[in-house]
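All remarks here apply to the structure that follows.
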Amino acid sequence: MLTVTYNGQTSNPGSFQVVANSFGIFTVNSNGSGAGIITGASYQLYFVNSPANPGDTAVIWGTGIGASLGDDGFASPQQVDMPNLPLTVYVGTQAASVFYRGRGGFTGED
């Protein structure tokens with residue numbers, strides 16, 4: 001159970017479930033709706049009117065792949081591939097090759 005106290009007022013307790021991972025893609029508008037932040041290798045955004053081409057590398061920016069050893073928020077996380085993470089990416093109905101699934105340069109950025 002979790003309660004939140006703000007300005008001396010405590011909320012009713014609420015329950016929640018902790019899971020090992022639950023990936024979410026960051027969005028361009030930063031409010032969780034609309035286009036996801038998906039870029040090319042040189043960080044240009046891919047959009048409907050400027051998509052990736054077959055064979056291009058795409059980077060999907062998000063959070064929630066789970067814990068990584070040594071990532072305590074006091075320093076930049078280790079940028080290592082997590083090959084045992086069950087991850088599949090589809091482009092339409094075609095499974096894409098995944099070359100890296102791991103931390104970005106900041107805590108909470110995958």
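The values are calculated or read from the model by the stated rules, or taken from the named source; none is laboratory data. Since the structure is predicted, the reported quantities are computational estimates derived from the model, not experimental observations. Methodologically, a virtual Cβ is constructed for each residue, glycine included, from the backbone with ideal geometry; neighbour enumeration extends over all protein chains shown.
Given the structure, is residue 41 hydrophobic (A, V, I, L, M, F, W, C) and under 16 Å from the mean Cα position of the chain (by Cα)? Walk me through how you get there before you give the answer.
Working: hydrophobic (A, V, I, L, M, F, W, C): yes; under 16 Å from the mean Cα position of the chain (by Cα): no.
For residue 41, the condition - hydrophobic (A, V, I, L, M, F, W, C) and under 16 Å from the mean Cα position of the chain (by Cα) - is not met.
Of all residues in the range 58-70 being part of a loop (DSSP other than H, G, I, E, B) and within 15 Å of the chain's Cα centre (by Cα), which is modelled with the lowest pLDDT?
So, considering only residues that are part of a loop (DSSP other than H, G, I, E, B) and within 15 Å of the chain's Cα centre (by Cα), the one modelled with the lowest pLDDT is 68.
Quickly run through the range 11-42 and pick out the residues that are more than 29 Å from residue 86 (Cα to Cα) and either in contact with a Lys or Arg (Cβ under 6 Å, 6 or more places away or on another chain) or surrounded by 10 or more Cβ atoms within 10 Å (Cβ to Cβ) (or both).
Across the range 11-42, the qualifying residue is only 11.
Could you check the range 80-110 and list, in sequence order, the residues that are touching a residue at least 12 places away in the same chain (Cβ under 8 Å) and assigned to a strand (DSSP E or B)?
Answer for the range 80-110, where residues must be touching a residue at least 12 places away in the same chain (Cβ under 8 Å) and assigned to a strand (DSSP E or B): 81, 102.
Take residue 16 and decide whether it is more than 27 Å from residue 99 (Cβ to Cβ), free of Cβ contacts under 8 Å to residues at least 12 places away in the same chain and over 18 Å from the mean Cα position of the chain (by Cα).
no
Residue 56 passes all but one of (1) under 16 Å from residue 20 (Cα atoms); (2) surrounded by fewer than 11 Cβ atoms within 10 Å (Cβ to Cβ); (3) in contact (Cβ under 8 Å) with a residue 12 or more places away in the chain; which number fails?
In the conditions (1) under 16 Å from residue 20 (Cα atoms); (2) surrounded by fewer than 11 Cβ atoms within 10 Å (Cβ to Cβ); (3) in contact (Cβ under 8 Å) with a residue 12 or more places away in the chain, residue 56 misses (1) alone.
Please go through the range 1-48 and pick out each residue that is in a strand (DSSP E or B), in contact with a Gly (Cβ under 9 Å, 6 or more places away or on another chain) and within 16 Å of residue 62 (Cβ to Cβ). Steps first, answer last, please.
Going residue by residue through the range 1-48, those that are in a strand (DSSP E or B) are 2, 5-6, 9-10, 14, 24-25, 27, 36, 38-39, 45, 47.
Cutting the leftovers down to in contact with a Gly (Cβ under 9 Å, 6 or more places away or on another chain) gives us 2, 24-25, 27, 36.
Result: 24, 25, 27, 36.
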